Each structure stands twice: as C-alpha cells, then as structure tokens.
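**Student:** Mind having a look at this structure? Questions to follow.
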C-alpha cells in the first residue's frame, strides 16, 4: 500500500512539473508606504473635515500565466491603502476604502484583500480575433472620458488587429441588479478603432454607450429627478504622437442621448477638449496642458455638463480634482465644468533624483452661482504642484508630491448655502510621499 501511495505521489509531482513547464508563470508585486498631510481641503482652517494626516500601506501581488502566444491570464490581488495604527489589526482585516467607481461618486467599501485583476486572454483558433474576459483595467482614448485603471471593471474585450489598424468591441458590466432580469442593470458598451499612421503617430475614435436602466435611476450628478434611466452616448476622437521635438496627446469628446423616464427627458449635450504635450530640452523637460470641459448653468433644461467616468487616482492636479470638491460638485470629475491651463518644468538634478514644478490656472467653464446671494464667479484659483522623485535602487523609489492651492472667488460661491455665505477662503495644502518597492 505504501508503495502505491509513493507511486501516486511521484505521478502527481510529475504531472504538476509537466504543467509548470508547459505554462510560463511569473510572479511580481509591490509594497508601498505613503505618508500624507492634507490641510484646508474645505478652504476653512477651522473645519477638521478638510484635514488628513496619516501613514498607509498598500500590498499588491500579481501572477501572470502564459501558456503560449495565443493563451494567457493574470490574477492581481491587492490590499488597498491600509492605515497604520488601527489598533494593531493585521492588514486587510476590515475598515473602509473609497472607490470612485463608474458612477464617479466615492463610496465606502469593506477593506480586505481583493481581486484587482482576474482575466483570461486568448486568440480564436484560425481567426485573427483576440478575446479578453474577466476583471480588467480599461480606458478609452487618452483616458479623459473613461478611465478604470485602479480597481478595474468586469468586462469582455473582443479585438482584431489587421496591419496598422486595431478594432475592438468592449462590454462592461457596471452593476448587476436582480440576476433574473436585465431591466435593472447598468451596462457600458464601446466600439473603438485605432490606426497607426507611422511609428510615431496614431489616431483613434471610440463610441461609447452607458445605459442605466429602470430602478437604478439616472447618473447621480445630472441634477434631474423622477427619472427611470439614462442612455448616454459619448463619441471620442484622440491623437497620440510626435511632431518634431514635441510629444502630443489630444482628445475631443462629444455627448448625446437622454435622461429617460422623466416628463421632459433632458438630452446630454456635454463636450470636452484636452491637449497635452512635452518637449525635452536638455537638461530640462517642459510640459503643458490646455483643457476645457462643458458645465451646467442654472436653468438649463438639458444636461450640458460633460459626464466622465474616472477612477480615484490623480488625473492632473494633486489637490483640485484629486482631493477637493471640483466645479462639477464632487472629486474625480476630470475637466467637467473646468477650464485649465498648465505649464511645468522638470529636470534630473543628479542621476537618481528628478525634481519638477507645474503651475495650474483654473477657471470654471460656466460661472458658479452663490446659493446665498446669487452672485457669480468663474475664478477657481491657482495651484502649484511640485515633485521630488528619488530612485534609490532599480526596484525602490521614494517620491514626494507637494501642492499649494490658492482658491479664487468661485469657491466662496461653491461652498455657500441658502443661509450661510462662504466667508473664509484659506489656501489648501498637501504633501504626500510614496516609498515603493516593486519586484
């Protein structure tokens, strides 16, 4: 009997070894510790809600499995930023995290080790079509309409690459209501085509449709009540390339569709245009951004503010948009109701240290009206962002971000209520450092 057991163990080990040799498996990961100190995010020094002082840690473990060029998969497990000193609990033992989600509104979720990615990708035999299915990181164009690169999304992606052209169909399951019916689900669909003009330049177009069905209501921030759903269409044009010494990215988005079920069914009429670039002029690199997104005016009967779906990462500024209530009403709203101009410079002061500074001039695209006295302003303010990136080793970096935001008069209007004027307008500040080890 013992000999039989030994034989079975040997056979099992041989089988496992054969599987391992047949599949190329690589393991990678990251451990990151960040220290943060944000102050006056509500522009009021007496408001404790506008302050954040903590140290947090994030752990990520990734497994890539490649059987062949035609079949591969990935699993990524992450413990989102866990605050140090939570009564000495082990990491991932609970608490809450904030997830931007496709709705654009931050929500609290249980904080445990979670799947960040879990997908399989394969080429159909004999057909030039690739299918990727599962929880995956997604973005459209230059990422200004749809960006789901932090927590990922449940999706199917079917793509065809023919020469210099890539065509793809994307289906994202945003929310599942009653599994037995589709009438209460939230889904997003996209068709995209990217054409590579040459080695340095590509152009693309994408058409996306976001459907929020009965019982889920409309997109939360559109301001129209008593509706049963949303049918939003976004058409995006994008360009990535190099013109002479300048690296450029451009994106234009235009929206149509309607809010469904209400007495008037308002139409979506939002738009945005974003131009980004940088040029290397040894020993410095200069970068710039010019962007504008449509906003909503009091009395508008249609949804004229651009609706975007952004994750909770930093998109352009360290304070405005990333940590503060923007001119669109909440954080993580991209350039919605925001017109922005920036100019920045960065340089390697030594081989392992890069420093830089960006200056942002911010205006609301549509003037903000005070709920207190009806006065208006479009002056959001000026933000100065600096960074110090230190590469200690090939796998270890210690990067610091520092930010100062001087609010304009529009923020007094934004924070005013029907009974209280916003009299304080203190500057917001922030500093955060990331010590990150990747393996």
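**Student:** Answer yes or no: is there a residue in region 144-163 that is assigned to a loop (DSSP other than H, G, I, E, B), within 28 Å of residue 292 (Cα to Cα) and modelled with pLDDT of 95 or more.
**Tutor:** First, pick out the residues of region 144-163 that are assigned to a loop (DSSP other than H, G, I, E, B): 144-145, 163.
Okay, now just the ones that are also within 28 Å of residue 292 (Cα to Cα), so 144-145.
Of the ones still in play, those that are also modelled with pLDDT of 95 or more are 144-145.
Yes, region 144-163 contains a residue that is assigned to a loop (DSSP other than H, G, I, E, B), within 28 Å of residue 292 (Cα to Cα) and modelled with pLDDT of 95 or more.
**Student:** With the structure loaded, tell me whether residue 359 is part of a strand (DSSP E or B), surrounded by fewer than 18 Cβ atoms within 10 Å (Cβ to Cβ), in contact (Cβ under 8 Å) with a residue 24 or more places away in the chain and touching a strand residue (DSSP E or B) at 6+ places or on another chain (Cβ under 7 Å) or whether it fails that test. Break it down stepwise before answering.
**Tutor:** Details: part of a strand (DSSP E or B): yes; surrounded by fewer than 18 Cβ atoms within 10 Å (Cβ to Cβ): yes; in contact (Cβ under 8 Å) with a residue 24 or more places away in the chain: yes; touching a strand residue (DSSP E or B) at 6+ places or on another chain (Cβ under 7 Å): yes.
Against the criterion (part of a strand (DSSP E or B), surrounded by fewer than 18 Cβ atoms within 10 Å (Cβ to Cβ), in contact (Cβ under 8 Å) with a residue 24 or more places away in the chain and touching a strand residue (DSSP E or B) at 6+ places or on another chain (Cβ under 7 Å)), residue 359 qualifies.
**Student:** Condition first: over 23 Å from the mean Cα position of the chain (by Cα) and not in a loop (DSSP other than H, G, I, E, B). Can you find one or more residues in region 421-430 that meet it?
**Tutor:** Quick first cut of region 421-430, residues over 23 Å from the mean Cα position of the chain (by Cα) only: 421-427.
Imposing the further condition that a residue be not in a loop (DSSP other than H, G, I, E, B) reduces the set to none.
No.
**Student:** Here is a check on your reading of the model: is residue 44 surrounded by fewer than 16 Cβ atoms within 10 Å (Cβ to Cβ) and modelled with pLDDT of 55 or more? Reasoning before the result, please.
**Tutor:** Working: surrounded by fewer than 16 Cβ atoms within 10 Å (Cβ to Cβ): no; modelled with pLDDT of 55 or more: yes.
When the stated conditions are applied, residue 44 does not pass them.
**Student:** Among the residues of region 320-356, how many are touching a residue at least 12 places away in the same chain (Cβ under 8 Å), in a strand (DSSP E or B) and closer than 20 Å to residue 398 by Cβ?
**Tutor:** First, pick out the residues of region 320-356 that are touching a residue at least 12 places away in the same chain (Cβ under 8 Å): 320-321, 323-348, 352-356.
Checking the rest, the ones that are also in a strand (DSSP E or B) come to 339-348, 353-356.
Then drop every residue that is not closer than 20 Å to residue 398 by Cβ, which leaves 346-348, 353-356.
Count: 7.
**Student:** Same structure, new question: With (1) touching a residue at least 40 places away in the same chain (Cβ under 8 Å); (2) buried (at least 20 other Cβ atoms within 10 Å of the Cβ); (3) farther than 28 Å from residue 263 by Cα as the list, and residue 309 as the residue in question, which single condition is left unmet?
**Tutor:** (3)
**Student:** For region 227-265, how many residues are in a strand (DSSP E or B) and over 24 Å from residue 190 (Cα atoms)?
**Tutor:** Initial filter on region 227-265 (in a strand (DSSP E or B)): 229-243, 246-260.
From what is left, the residues that are over 24 Å from residue 190 (Cα atoms) are 242-243, 246-248.
Qualifying residue count for the region: 5.
**Student:** Out of 211, 267, 242, 258, which single residue is surrounded by fewer than 17 Cβ atoms within 10 Å (Cβ to Cβ), modelled with pLDDT of 85 or more and more than 24 Å from residue 164 (Cβ to Cβ)?
**Tutor:** Details: 211 fails: surrounded by fewer than 17 Cβ atoms within 10 Å (Cβ to Cβ); 242 fails: more than 24 Å from residue 164 (Cβ to Cβ); 258 fails: surrounded by fewer than 17 Cβ atoms within 10 Å (Cβ to Cβ).
After applying the criteria, what remains is 267.
**Student:** Within region 368-400, restricting attention to residues that are surrounded by 19 or more Cβ atoms within 10 Å (Cβ to Cβ) and in a strand (DSSP E or B), which residue is modelled with the lowest pLDDT? Walk me through how you get there before you give the answer.
**Tutor:** Of all residues in region 368-400, those surrounded by 19 or more Cβ atoms within 10 Å (Cβ to Cβ) come to 368, 370, 378, 380-381, 383, 385.
If we keep only those that are in a strand (DSSP E or B) too, we end up with 368, 378, 380-381, 383, 385.
Working: 368: 93, 378: 96, 380: 96, 381: 96, 383: 98, 385: 98.
Across region 368-400, the extreme among qualifying residues is 368.
The values are calculated or read from the model by the stated rules, or taken from the named source; none is laboratory data. Note that the structure is a prediction, hence the values are computed from the model and not measured. Note that each Cβ is placed from the backbone with ideal geometry, even for glycine, and that neighbours are counted across all protein chains shown.
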